[in-house]
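Below is one structure, written out as structure tokens; comments come after it.
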Amino acid sequence: MGSYDRFAPWFDAWQRAFGPPYADLVLSRVTGALAAHHPGARRVADLGAGTGDLAVALARRGFEVVVVDRSPPMLAIARTKARDAGLAIELVSADLRDLALAPPADAAVCVYTVVNQLVEETDLARALAAVHRSLAPGGLFVFETNLPAAYDRLWQGEETVRAGDAEVHRAHRRLPSGVIEAQVTIRTPDRADEHDTIAQRPWSDAEVEHALAATHLTLVAHDEFNPFTPDGVPMKSLWSARRI
Ligand SMILES: C[S@@+](CC[C@H](N)C(=O)[O-])C[C@H]1O[C@@H](n2cnc3c(N)ncnc32)[C@H](O)[C@@H]1O
């Protein structure tokens with residue numbers, strides 16, 4: 001089983017333990033970037049869409065949304081949310097590094113640590129090449145990366161959070177490669193513990209800029225922000241890049 005497959009049933013409850021749905025915290029930034037840099041965009045791919053909150057919010061605003069995720073259990077939750085909302089959302093079960101959307105999208109979005117889950121050294125270049133293949137000429141890619149403050153505050157030590165009927169325990173360790181691994185243990189009263197592993201590579205801004213330039217995606221905007229505490233130290237970079 002892959003990353004998030006076992007965590008999927010508890011993911012939303014776990015995420016809500018920290019505050020509102022993450023999509024609520026970033027939606028206006030994402031739609032703002034689309035409006036500013038590609039106002040004509042209609043078909044939008046959400047890469048690593050997970051349980052589909054952002055995809056549903058974008059579909060509600062009239063975008064034609066394509067959900068892409070490599071975890072079938074996460075995708076199944078997104079499918080249920082779209083159906084319950086009465087929204088026609090296309091679902092693609094794929095690793096975003098291998099993506100080649102046909103027809104291509106006008107824009108792609110990718111938020112909430114997904115780009116940092118590309119952990120091999122060549123993964124960022126591979127993913128950006130896939131985005132380039134999957135966008136129409138002039139298409140826009142809006143994506144987030146974690147800044148060092150996010151790793152200092154959220155990706156170290158151990159933490160236990162209640163999520164529905166479960167306790168979700170995360171233990172972090174930094175590997176010699178610089179990749180940070182979270183071992184996730186899900187404890188429920190009447191089932192055996194479930195285990196999942198989520199790994200992240202803390203891509204630097206310089207690495208992102210270099211990879212964009214090498215993949216013929218032109219940077220049009222870069223902003224730093226803190227989605228959890230707007231006045232706090234920035235934890236995220238938001239990038240907008242145009243396919244040449
Ligand atoms: C933290 S969740 C984020 C979900 C969503 N973007 C959100 O804002 O709630 C990360 C998701 O990215 C997916 N993911 C990670 N790496 C991926 C890859 N290489 N290709 C496709 N999906 C990926 C995982 O399966 C998981 O569902």
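Throughout, read-outs are computed from the coordinates displayed, never taken from laboratory work. Everything numeric here is computed off the predicted structure, so don't read it as measured data. Note that each Cβ is placed from the backbone with ideal geometry, even for glycine, and that neighbours are counted across all protein chains shown.
Can you give the Rg to Rh ratio of the range 161-244, both from alpha-carbon atoms, with Rh computed by the Kirkwood formula?
1.13
Where nothing but the Cβ of Lys and Arg (+1) and of Asp and Glu (-1) is charged, how large is the charge dipole of the chain around its Cα centre, in debye to the nearest 20?
Charge dipole of the chain: 560 debye, to the nearest 20.
Within the chain, what's the longest stretch lacking trypsin sites (Lys or Arg not before Pro) that sit in DSSP loops with no more than 13 other Cβ atoms inside 10 Å?
Segment 62-190 is the longest.
Quick one: net charge around Ala78, please, counting Lys, Arg +1 and Asp, Glu -1 for every other residue with C-beta under 12 Å from its C-beta.
-3
Please list, ordered by chain and number, the residues whose modelled amide H lies under 5 Å from the amide H of Ala221; skip anything fewer than 5 residues away on the same chain.
Residues meeting the amide H criterion: Ser240.
Which residue, Val179, Val65, Val233, has the most motion in a Gaussian network model of the chain that connects Cα atoms within less than 10 Å?
Answer for the Gaussian network model of the chain: Val233.
So who's got an amide H within less than 5 Å of the one on Leu91, skipping anything under 5 residues away but keeping other chains? H placed 1.01 Å off N, in plane.
When sequence neighbours closer than 5 places are left aside, the close amide H contacts are Val67.
Give me Rg over Rh for the chain, both radii from the alpha carbons and Rh done the Kirkwood way, two decimal places. Each step should come with its number before you reach the end.
Working: Rg = 17.2 Å, Rh = 18.3 Å.
A ratio of 0.94.
Treating the Cα atoms of the range 1-54 as identical point scatterers in vacuum, please give the log10 of the normalised Debye intensity I(q)/I(0) at q = 0.30 Å⁻¹, two decimals.
Log-scaled intensity ratios, in q order: -1.24.
To check you understand DSSP bridge types, tell me what percent of the beta bridges within the range 50-192 (both residues inside) are antiparallel, rounded to 5.
Of all bridge pairs located within the range 50-192, approximately 60 percent are antiparallel.
Determine the sum of side-chain charges near Arg170: Lys and Arg each +1, Asp and Glu each -1, restricted to other residues whose C-beta is under 9 angstrom from that of Arg170.
Summing Lys and Arg as +1 and Asp and Glu as -1 gives -2.
Among bridges DSSP assigns within the chain, what percent are antiparallel (round to 5)?
Around 70 percent antiparallel, to the nearest 5.
Once phi is turned into ³J(HN,Hα) by the Karplus curve 6.51 cos²θ - 1.76 cosθ + 1.60 with θ = phi - 60°, what whole-Hz value does each residue of the range 94-111 show in order, with x for glycine and proline?
7, 7, 4, 5, 10, 5, 8, 5, 9, x, x, 8, 6, 8, 10, 10, 7, 10
In the chain, if the dipole is taken from +1 on Lys/Arg beta carbons and -1 on Asp/Glu beta carbons about the Cα centre, which of Ala59, Ala171, Ala213 is farthest to the positive end?
Positive-most Cα among the choices belongs to Ala59.
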